[in-house]
Amino acid sequence: MPAPPTVLVLTPADLLLRTILAIVAALIFGFLANLTVLGNLQHLVSQQQLTDTLRVELAQGTAPVSEGTVDKVLLADGAPLAIIDIPSLGVHEVIVEGSDSGTTRLGPGHRRDTVLPGQAGISVVMGRAAAYGGPFARIQELAPGQVFTVLTGQGEQTFEVIGVRYAGDPAPTPLAAGESRLILETARGAAFVPGGVARVDAVLTSETQPAGIRQTSYVTLPASHKELATDTTTVWALAFALQFFLLIELAMIWSFRRVGLQKAWTVFIPVVAVGGLFVADQAVRLLPNLL
């Protein structure tokens, strides 16, 4: 007679160990996926949507030229402002308003306390170096004299690169009245391991545009919008995400005991993966905005 099939009996310790390993694996998977494949996909989708919105506004003459809309409503973080084209690097990105970690996932972010590119004064645009498409990954390759453009609600603005600088390097000479300068900023160092800030200074060579009204100043700019800052305003969402994930794990343990290991895993593997992505999406906001 054939031997009876072996029945796998899990002790409470085995169940706990498997649950812990499942939690860790799901969180690591979600975190890495958000920073790489899914993050890049999210960036591409966001850029397409932003491009469609901005092109309609440009055609209608309603694209922002200040910190407010044509209806004098403060622009929300993530609102499309301009399109930057750097042909030598293959960069074609929609610039959005705001520069916190959540906003720079959409594309390069404009610091609210500075003028728009092409307007009289200094404009700062911050972009990620690796995650979410890494749109500014190669800006340190720009050499003095290279030219790029930024399309805004005031037309196409042409800039010429002055140079690249890092912490401790001398800043360019102060602007004269009516001049315009654009500073592109990103993380310096190995991918996903920022070691500082790299800045590319560029001077406007086309006609200077009048500066729009700005409500935000350097003093009132939230700390989360500054270079290499993290965004802790949504920690509460991360706490809820972790609670939701814990409930999934408890339900999985209960299912192990009620319907068996194979059936429970069949049902809960995709649920655990989604829960891990949900937690990771909130956790990524705690990473530096230039990563």
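Computed from the coordinates by the stated procedures, all read-outs in this text should not be read as laboratory data. Being a predicted model, the structure only gives us computed values, none of them experimental. Don't worry about glycine lacking a Cβ; one is built from the backbone with ideal geometry, like all the others, and counts go over all protein chains shown.
In the chain, with Lys and Arg counted as +1 and Asp and Glu as -1 at Cβ, which of these residues, VAL193, THR216, GLN243, has the Cα nearest the positive end of the dipole, that is, farthest along it?
GLN243
Tell me, what does the Kirkwood hydrodynamic radius of the stretch 213-291 come to in angstroms if you use every pair of distinct C-alpha atoms?
So the Kirkwood estimate lands at 15.1 Å.
Highest mean first, what order results for 174-180, 33-39 on Cβ atoms within 10 Å? Could you put the intermediate results ahead of the total?
Working: 174-180: 11.6, 33-39: 17.6.
Going from most to least packed, we get 33-39, 174-180.
Magnitude of the Cβ-charge dipole of the chain, K/R +1 and D/E -1, about the Cα centre, nearest 20 debye? Show your work: numbers first, answer last.
On the way: 18 positive and 23 negative charges, 215 e Å.
The dipole of the chain has a size of about 1040 debye.
Under the rule of at least 5 residues apart or a separate chain, name every residue whose amide H is placed under 5 Å from the amide H of VAL91.
For VAL91, whose amide H was placed from the backbone, the distant partners under 5 Å are ILE86.
What per residue convex hull volume, in Å³, do the alpha-carbon atoms of the chain yield? Kindly include the intermediate steps, with their values, before the conclusion.
Values: hull volume 51.4 nm³, N = 291.
Hull volume over Cα atoms, normalised by residue count, gives 177 Å³.
For the stretch 129-186, state the semi-axes of the equivalent ellipsoid (square roots of 5 times the eigenvalues of the alpha-carbon gyration tensor), sorted largest first and rounded to whole angstrom.
Working: eigenvalues 85, 66, 23 Å².
Sorted largest first and rounded, they come to 21, 18, 11 Å.
Between ALA190 and ALA143, what FRET efficiency follows from the Cβ-Cβ distance if R0 is 22 Å, with the result rounded to 0.05? Let's see the in-between values first.
Details: r = 22 Å, r/R0 = 1.01.
Using R0 = 22 Å, I get an efficiency of 0.50.
If I model a spin label at GLU179 and ALA25 as a point 7 Å from the Cα along the Cα→Cβ vector, what separation in nanometres do I get?
6.0
Under 8 Å for C-alpha pairs, at least 6 residues apart: give me the relative contact order for the stretch 39-223, rounded to a whole percent.
Working: 438 pairs, mean separation 40.7, N = 185.
Over the stretch 39-223, the number comes to 22 percent.
How would you rank 242-255, 206-219, highest first, on the average number of other Cβ atoms within 10 Å across their residues? Don't skip to the answer; put the middle values down first.
Working: 242-255: 15.2, 206-219: 13.1.
The densest-packed peptide leads the list: 242-255, 206-219.
About the Cα centre of the stretch 156-220, what is the dipole size in debye to 20, counting +1 per Lys and Arg Cβ and -1 per Asp and Glu Cβ, all else neutral? Kindly include the intermediate steps, with their values, before the conclusion.
On the way: 5 positive and 7 negative charges, 58 e Å.
Its charge dipole is roughly 280 debye.
Assign one of three labels to the stretch 160-259, namely rounded, prolate or oblate, based on the Cα gyration tensor with a ≥ b ≥ c the square roots of its eigenvalues; rounded applies when a/c is under 1.5, prolate when it is not and a/b is larger than b/c, and oblate otherwise. List each step's numbers first, then the result.
Values: a/c = 3.93, a/b = 2.55, b/c = 1.54.
Prolate is the answer for the stretch 160-259, as a/c is 1.5 or above and a/b outweighs b/c.
Could you point to the residue in ILE20, VAL150, VAL161 farthest towards the positive end of the chain's charge dipole, with +1 and -1 charges on the Cβ of Lys/Arg and Asp/Glu respectively?
ILE20
For the stretch 39-223, build the charge dipole from Cβ charges (+1 Lys, Arg; -1 Asp, Glu) around the Cα centre, then report which of SER46, ALA137, SER206 sits farthest towards its positive end.
ALA137
Under a point spin-label approximation (7 Å from Cα along Cα-to-Cβ), what is the THR69-TRP236 distance to one decimal in nm?
2.5
Between ALA251 and ALA273, what is the label-to-label distance in nm when each label sits 7 Å out along the Cα-to-Cβ direction?
For the pair ALA251/ALA273, the computed spacing is 1.7 nm.
Highest mean first, what order results for 126-135, 189-198 on Cβ atoms within 10 Å? Mind dumping the intermediate values first?
Working: 126-135: 24.2, 189-198: 14.8.
Ranking the peptides 126-135, 189-198 by packing returns 126-135, 189-198.
Quick one: what are the phi-derived ³J(HN,Hα) couplings along the stretch 222-237, Karplus 6.51/-1.76/1.60 with θ = phi - 60°, whole Hz, x for glycine and proline?
Rounded to whole hertz, the list is x, 4, 5, 9, 8, 4, 6, 7, 10, 10, 9, 6, 10, 4, 4, 5.
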